[in-house]
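The values are calculated or read from the model by the stated rules, or taken from the named source; none is laboratory data. Everything numeric here is computed off the predicted structure, so don't read it as measured data. Cβ: placed from backbone, ideal geometry, glycine included. Neighbour counts: every protein chain shown.
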Ligand code: HEC
């Protein structure tokens, strides 16, 4: 093997193998390990020097031994040095794959009579690898034909893709169910678990009390305990306000870079749990009374809604007369 690869190949190959192994096994984050830990750089340098030294020593030992040989020995040594390596097994495989082809010197025996403008046809044996690939492709084609076009049990690529998409959708839904962290403004729901609310409270205390007060009574920011909301109440709006921030210039920043989605859901749920409590120094209500979607606005008396409906009905026949 030593004779196969000269030292200028051997040394870099060994060196970079060690280098690669170190980079693979030493966990150094985004930076390469040898930059992060100078000691590794030093170690690699040492390895390189040792490799070069080994090459040098082995080379000179060989040289000394060579000088001590007699003439016949020297000749034998040189012959073994220049001998190209024999890959018997590989050659055998190659011969087998090639099959029994007429050597080029005997090709005149198998040339056919056909002559196309000087292009002649040679009736040589095909190599076995070629013949077998051909047979296998015939069998493949038959099986394919039956499966796809006769019984039709197999799916064409487009159908396969559709099925995979459907399956992926199911898996995404499953994953979303278990991955609380993936909540966004469309999927967020009011969390009522004591643990979630407690987590929400500590996030609130850490980030929000400066402007909203510990009891939510309000200061720089609006009162969070009344049912008046500037930017809309309900879990989705509150989540949206926390995630994207309030109206520009008012002081309520977007928190999505500081808080994880689940944390925003927790603190939003905590804020909503404050509704109806009585803070020490409540700020004046700001914004409008928030009513969740689908619930009739109780502020409007029932009769008003009815008269509106009647108005619509009376106007319909008038339109028909036109
Ligand atoms: C620098 C002061 C400040 C901090 C800190 C702050 N807010 Fe606000 N917050 C405000 C202001 C000001 C508004 C009103 C925004 C507007 O009018 O558009 C507001 C509005 C809100 C609203 C909407 C209220 C409504 O009536 O629609 C919610 C909910 C809210 N903040 C929650 C939070 C939460 C939760 C935190 C902590 C993660 C927080 N805020 C941190 C100043 C702050």
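Worth a mention:
- Condition check for residue 227: in contact with a strand residue (DSSP E or B) (Cβ under 9 Å, 6 or more places away or on another chain) and more than 8 Å from the ligand (Cβ to nearest atom): yes
- Residue match in region 169-180 (condition: touching a helix residue (DSSP H, G or I) at 6+ places or on another chain (Cβ under 6 Å), part of a loop (DSSP other than H, G, I, E, B), outside the structural domain of residue 234 (by TED's automatic domain parsing) and surrounded by 10 or more Cβ atoms within 10 Å (Cβ to Cβ)): no
- Scanning region 248-284 for residues that are part of a loop (DSSP other than H, G, I, E, B) and farther than 21 Å from residue 217 by Cβ yields 248, 249, 254, 256, 257, 258, 259, 260.
- When restricted to residues that are more than 6 Å from the ligand (Cβ to nearest atom) and crowded, with 19+ Cβ neighbours inside 10 Å, region 241-256 contains 1.
- Looking across region 270-293, just one residue is more than 10 Å from the ligand (Cβ to nearest atom), in contact with a helix residue (DSSP H, G or I) (Cβ under 8 Å, 6 or more places away or on another chain) and in contact (Cβ under 8 Å) with a residue 60 or more places away in the chain, and that is 273.
- Exactly one residue out of 134, 204 is surrounded by 13 or more Cβ atoms within 10 Å (Cβ to Cβ) and modelled with pLDDT of 95 or more: that is 204.
- Residue pairs meeting the criteria (Cβ under 9 Å; at least 6 apart or on separate chains; first surrounded by 10 or more Cβ atoms within 10 Å (Cβ to Cβ), in region 137-156; second assigned to a loop (DSSP other than H, G, I, E, B) and modelled with pLDDT under 95): 144/154; 147/153; 147/154; 148/154; 148/155; 148/156
- Inside region 13-43, residues that are surrounded by 13 or more Cβ atoms within 10 Å (Cβ to Cβ), touching a helix residue (DSSP H, G or I) at 6+ places or on another chain (Cβ under 8 Å) and either part of a loop (DSSP other than H, G, I, E, B) or touching a residue at least 24 places away in the same chain (Cβ under 8 Å) (or both) make up a count of 7.
- Test: residue in region 200-216 that is within 10 Å of the ligand (Cβ to nearest atom) and assigned to a loop (DSSP other than H, G, I, E, B): yes
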